[in-house]
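To start, the structure under review is shown below, and the notes come after it.
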Amino acid sequence: MSMEVSSGGLAPPGAAEAPRAVPSRAGTLSHPANWRRAASHVASVVAPVALPLLLLGLVASAWEAMAVALHSPLVPHLPEIGKELARIFRGGHFFGEMAVTLLRVGAGFTIAFAVAVAAGIAMGRQKTVAHFLEPAIIVGLTVPGLVWALLCVIWFGIGLTGAAVAVALSIAPALLLNILQGVRAVDAELLEVAAMLRLPLRKRLACLWLPSLMPALLGGARLGLSLAWKVVVLVELFGLSSGIGYQLNSEFGAQNVAGVIAWTLGFAAVMGVLEYGVLAQLEHHLMRWRRTAQV
Amino acid sequence: MSSDIVIEGLGKAYAPRGGRRPAVIFDGLDMRVEAGQLVALVGPSGCGKSTLLNLIAGLDAPDAGAIRFDGRARDSRLAMVFQQPRLVDWLTAEENIALAFEREGSRPRGDAREMVRALLRKVGLVDHAGAYPQFLSGGQRQRVAIARAFAVDPDILLLDEPFSALDELTARRLRLLLQSLWGEADGPRPTGVLVTHNMLEAALLADRIFVLNGHPGRFAAVMDIDLPHPRDPEDPALFAIHRQVLHALGEA
Ligand SMILES: Nc1ncnc2c1ncn2[C@@H]1O[C@H](COP(=O)(O)OP(=O)(O)OP(=O)(O)O)[C@@H](O)[C@H]1O
Ligand SMILES: [Mg+2]
């Protein structure tokens, strides 16, 4: 049912795009190989934008189809969600709340990241430190974020500290595990080169350790951020009177499903910008030395 | 001022790993390299040549005996060309070479950029200054590694089969470059150890050839090459030495 509607709604834009783009170039190119190359060039430019949009469109159409079929206040129509979105974005309301949440995530993330990098390098270099800290990672990984959220609200009351500590505690183990694997993968032969060249510690960190750890750091940052959001929302829901989590809870209390969805969408959009706009660009730039296999 | 390399009663064994018996590589090895000499170290694969260079470079610790650099006026500057290029993948060819100038406690010696350029010119890679190692060919990477070792301006230079990945013409050019490093009258010559499987290369460059063989490794022969420098790669005397070394290897 939903598929039927979605493909009906989205096939025309997708189908119209390809023929429109290709013939206009093919007119200037006589050879079929050039034609194919031009087509694949267009595809490589259009695909990264068009395909995610296609997915979004599909999901939106499926949702609307469900709303039509169920006809229930629990599944609001797209226009209702749009109205809610407009409401929360009006007057910078959304961005104010988002900034509050971002600050909490940022504080917790920074603490966890610093601790994980230091502990990760220590554990990777010293077996005793590794044996000492390993149980903490195992336990830390199994404790649900919900528990940290509750405990931190109890211990620290309401405020930035509690939220930051809860976020840090929930993401540090996963981050540490990631970085530890990165440290163990650092090329021993390059460390010998550094020893041979008698590089000072500053240079070793900047030229060897940091770049070697970069994939682990970026992977850890992704993982950490995604875990951080889940926990910060819980803390805000339990103990705070601001932030995305608090707003979600108050919409929930008012039984405003469209409101809950609108806040979630705004939140997801900011995450998307962080992921595609910041992390992916950063990774692309930092990894430019890497040759990718052509097979 | 370059230094003697003095090795006395060297012992080295690798701990057993994965069901293998402990491997005794050296047991009471003695060796002496005079300051300013270039010696060649030849021997079959697996006899411990790279291990010996690592021990000299201080990258590995001996189980017994001692390695000393005698007659040094300052802290010995040591450079090594490893058997594999071992370049830093995220630095360009140029930056990899410039890394040698970052040595702890060393003051800049003139224009680093210009010195890197000069070295790149010597190894024939000016056009690839900005290339990342993964985009270079195997031989090009090896040449960057050689340039990096020269950039150290070493008192002690250790070379582990530096030219084996190169075509004959490039190898020949770089051998002459190495020879000129010892031939240049001005400035002190480094003390060098060159590991090679190419006996003619050993005969061309070395003042002395150490033939390493057996388990644990011993010197089956030590040959002084008394031909004057610089030598001509076509000199028939080199072929005679070539035969002698092969003979010494066969005897052991
Ligand atoms: N880290 C290590 N652990 C255990 N055994 C090692 C280690 N490094 C080398 N060996 C062993 O020591 C022996 C000597 O190795 P080495 O690399 O010095 O040989 P080599 O003379 O340089 O040989 P090639 O000419 O093939 O380079 C080999 O049998 C090798 O298996
Ligand atoms: Mg070797």
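Bear in mind these aren't lab numbers, they're just calculated from the coordinates by the rules spelled out. All of these numbers come straight from a predicted model, not from anything done at the bench. Cβ placement follows ideal geometry from the backbone for every residue including glycine, while neighbour counts extend to all protein chains displayed.
Relative to the longest principal axis of the Cα atoms of chain B, the long axis of helix B:112-122 lies at roughly 60 degrees. Sorting the segments B:119-132, A:165-178, A:232-245 by their mean number of nearby beta carbons within 10 angstrom, highest to lowest, gives A:165-178, A:232-245, B:119-132. Counting only other chain Cβ atoms within 10 Å of each residue's Cβ, the peptide B:84-92 averages 5. For the peptide A:198-211, the mean number of other protein chain Cβ atoms found within 10 angstrom of a residue's Cβ is 3. Pick from A:G220, A:G120, A:G91 the residue whose mean-square fluctuation is largest in a GNM of chain A, springs joining Cα atoms under 10 Å. Maximum fluctuation in the GNM of chain A, among the listed residues, is at A:G91. Considering only B:P154, B:L194, B:V126, and ranking their Cα positions along the charge dipole of the range B:121-252 that arises from unit charges at the beta-carbon of Lys, Arg, Asp and Glu, the one farthest toward the positive end is B:V126.
Within the protein assembly as shown, antiparallel bridges make up roughly 55 percent of the DSSP beta bridges whose residues both belong there. Would you mind checking the tilt of helix B:168-183 against the longest principal axis of the Cα atoms of chain B, expressed as 0 to 90 degrees and rounded to 10? For B:168-183 against chain B, the angle is about 90 degrees. Once the Kirkwood radius over Cα pairs is known for the protein assembly as shown, the Stokes-Einstein relation at 25 °C and 0.890 mPa s delivers a diffusion coefficient of 84 µm²/s.
Highest-first packing order for the peptide set A:187-199, A:38-50 is A:187-199, A:38-50, based on the mean count of other beta carbon atoms within 10 Å. Positive end of the dipole of chain A (Cβ unit charges, origin at the Cα centre): among A:T264, A:W148, A:G106, the Cα lying farthest that way belongs to A:G106. Ellipticity at 222 nm from helices only: DSSP H runs of n ≥ 4 in chain B, each -39500 (n - 2.57), divided by the residue count, give -9500 deg cm²/dmol.
Using only side-chain charges placed at the Cβ, +1 for Lys and Arg and -1 for Asp and Glu, the dipole size of the range A:80-286 relative to its Cα centre rounds to 500 debye. Per residue, the average separation of C-alpha pairs within less than 8 Å and at least 6 apart gives chain A a relative contact order of 21 percent. Derived scalar couplings between HN and Hα for the range A:107-113 equal 4, x, 5, 4, 4, 4, 5 Hz in order, rounded to whole Hz, by the Karplus curve 6.51 cos²θ - 1.76 cosθ + 1.60 (θ = phi - 60°), x for Gly and Pro. Near A:E134: Cβ cut-off under 14 Å, other residues only, Lys/Arg at +1 and Asp/Glu at -1. The net charge is +2.
Residues whose amide H falls under 5 Å from that of B:S3, counting only those 5 or more places apart or on a different chain, are B:G36, B:T191, with hydrogens built in the peptide plane. Taking the Cα centre of the range B:13-58 as reference, the dipole from Cβ charges on Lys and Arg (+1) and Asp and Glu (-1) amounts to some 300 debye. What angle do you read, to the nearest 10 degrees and between 0 and 90, between the alpha-carbon axis of helix B:236-251 and the longest principal axis of chain B? Between helix and principal axis, roughly 50 degrees.
Put a plus charge on the Cβ of each Lys and Arg, a minus charge on the Cβ of each Asp and Glu, and nothing anywhere else: the dipole of the protein assembly as shown about its Cα centre is then about 600 debye.
Here's the picture: charge each Lys and Arg Cβ at +1 and each Asp and Glu Cβ at -1 in the protein assembly as shown, and of B:L38, A:V273, A:A38 the one pushed furthest to the positive end of that dipole is A:V273.
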